[in-house]
Amino acid sequence: MRDFTSHPDLASRALAGSVVSANDELFAPRQNLIMPLPVRYVVDEFGHTGKIYDGWETRRRREPGHDWAIVRLGVPGIVHGVVVDTAFFKGNYPPFISVEATSVEGYPDASVLDSLTWTTIVDQSPCRGDTENSYAVSSDRRWTHIRLSIYPDGGVSRFRVHGEVVLDPRYLTTTVDLLALENGGRLLSTSDAFYSTPENLILASRARIMGEGWENARRRGPGNDWAVFGLAARGEPTLIEVDTSYFIGNAPGWVRISAADAEAGPVTEPSAWWEVVPKIAVLVDTRHRFLVDGRRPATHLRLDVYPDGGLSRLRCFGELAQGEREQLYQRFRDRLPESHREFLETMPTAPREALPADQV
C-alpha cells in the first residue's frame, strides 16, 4: 500500500488551511499546527506564560475533559492519514489523541461547527512525545474540516492531514490550471528531490524564495532530471508556464514538456507521450510562457530538465475534455458524506459542459 504521506498535506498553510478554533492555546498558538516549515526549538526562549514552543500548547488541565482544535482544510478531499508531530514536546505532550471530520458547504463561522455531524476517522489512540505519530485513515468520504482532540491536554508541534483532493466542479469554469495541487494535480514520481520536492512546483502561490521550488542535486553522470505529474482532470493543455524565478546559478539549461492520455493507452509506454513544449533553452530567474499548438486531451504531464537544475513553478493551463465535467461531478457527489446535503440542494444535477472560450 502507498505510504499516505506521499499524498499532499490538505491542511497546510501553503494550501490556505486554517486552524479556525481551539478551546485553549495559553502557551502556544493553534495556527502553528499547520505551518509548512520544520519545527523550530530555541532552548532559552521564554515568554510571560512560560517556555515558547513552535506548536500548539494548552494549559495543564485541572478538571475533567480534553482539549481540541479544528482545522479547515485548505483544499477539501479524502483523508488517507494524519500525522501528529510532538517534536520537542517531551514532558508536556498528550498521551492520547483522536481525530474527527465533517463536511459543510461554504464558509461557516467557527461558532456553528459544534452543531455539525462529526465522524471519527481516528479512534482515541496512544501518542508519544517528541515523535511524528502516524495514523492511517480508511474513510473514503470528502471532508472540509478536521478536529484534533488531545487527552487530556498538552502540546503538538504540527498536524498534517495527508489526502487526495476531490474537485468541486462548480469552480471549474473555462480555462483552469490542470496541474495545480489545489485543483487535484499531483506529483507521481521524480528522478531526484535532494534539496526540495517537485510537489512545490504545483502550489498555487508564487514562490518567494528559491527554497519554495524544486531543486535537485548536481548531476555528475549521463542523463537528465525529470518529474511526472497527474493532471487534476483530463483536459486539453493550451498554455504552459515554466518559472525559474530565484534560480540564478542553478536553473536548467533546457526544459522539455510532454503529455500523455491514460485513456488512450498505458502511460508506461514511451510511445504514449507527445511533446507539448519541445526541448528549449530557458533563462535564469525568468517566468517563461509557451503556447501549445493543437488541442489534444491529456491526463499526465512530464517535465524534463537538462541536465539538472531547479524551477520555482510549473503551470499547465487548459480546458476540460468533452464529458469530463460530468465525470468530475459524479465523483464529487459520490464522495460526500450522508450528513452533507447542501451540495445536493444547490447543485441537484450535473452541470452542462462549458462552451469553449472562443464560443462564449
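Here are some notes:
- Residues that are more than 18 Å from residue 12 (Cβ to Cβ) and not aromatic (Phe, Trp, Tyr) number at least 3 in the following strands (runs of 3 or more DSSP E) confined to the stretch 94-162: 96-102, 119-126.
- Among the residues of the stretch 286-341, those identified as more than 30 Å from residue 108 (Cβ to Cβ) and open to solvent by 50 Å² or more (accessible area, probe 1.4 Å) are 287, 289, 291, 293, 294, 295, 296, 302, 307, 317, 322.
Residue-by-condition table, conditions (1) of a type in the set (S, T, N, Q); (2) modelled with pLDDT of 95 or more; (3) out of contact with any strand residue (DSSP E or B) (no Cβ under 8 Å at 6 or more places or on another chain):
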position: 103; (1), (2), (3): yes, no, no
position: 106; (1), (2), (3): no, no, yes
position: 113; (1), (2), (3): no, no, no
position: 126; (1), (2), (3): no, yes, no
position: 134; (1), (2), (3): yes, yes, no
position: 146; (1), (2), (3): no, yes, no
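- Filter result (of a type in the set (S, T, N, Q) and in contact (Cβ under 8 Å) with a residue 60 or more places away in the chain) within the stretch 174-195: 174, 175
- Residue in the stretch 99-110 that is under 17 Å from the mean Cα position of the chain (by Cα), open to solvent by 60 Å² or more (accessible area, probe 1.4 Å) and not basic (Lys, Arg) present: no
- Applying the criterion of being of a type in the set (Phe, Trp, Tyr) and touching a residue at least 12 places away in the same chain (Cβ under 8 Å) to the residues of the stretch 6-46, the residue that is farthest from residue 153 (Cα to Cα) is 41.
- Strands (runs of 3 or more DSSP E) contained in the stretch 165-274 and holding at least 1 residues closer than 28 Å to residue 11 by Cβ and open to solvent by less than 20 Å² (accessible area, probe 1.4 Å): 225-243
A quick yes/no check of all residues on (1) surrounded by fewer than 17 Cβ atoms within 10 Å (Cβ to Cβ); (2) of a type in the set (Lys, Arg); (3) closer than 30 Å to residue 321 by Cα:
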residue	(1), (2), (3)
85	no, no, no
90	yes, yes, no
115	yes, no, no
127	no, no, no
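- Residue 85 vs. criteria over 30 Å from residue 186 (Cα atoms), modelled with pLDDT of 95 or more and of a type outside the set (A, V, I, L, M, F, W, C): no
- Total residues in the stretch 55-83, condition open to solvent by less than 10 Å² (accessible area, probe 1.4 Å) and among the aromatic types (Phe, Trp, Tyr): 1
- Close pairs (6 angstrom Cβ cut-off, 6 or more residues apart or separate chains): within 18 Å of residue 162 (Cα to Cα) in the stretch 114-139, of a type in the set (S, T, N, Q) and not in a strand (DSSP E or B) anywhere: 121/139; 131/86
- In the stretch 73-94, the residues that are more than 16 Å from residue 3 (Cα to Cα) form Cβ pairs under 6 Å with partners that are among the hydrophobic types (A, V, I, L, M, F, W, C) and open to solvent by 20 Å² or more (accessible area, probe 1.4 Å), at six or more places apart or across chains, as follows: 74/16; 87/39.
- The stretch 13-31: number of residues that are within 20 Å of residue 208 (Cα to Cα) and surrounded by 23 or more Cβ atoms within 10 Å (Cβ to Cβ): 1
The values are calculated or read from the model by the stated rules, or taken from the named source; none is laboratory data. The structure displayed is predicted, hence computed values, not measured ones. Virtual Cβ from ideal backbone geometry, glycine too; neighbours counted across all protein chains shown. Just so you know, the surface numbers come from the protein's heavy atoms only, side chains and all, with ligands and any DNA or RNA stripped out. Shrake-Rupley method; radii C 1.70, N 1.55, O 1.52, S 1.80 Å.
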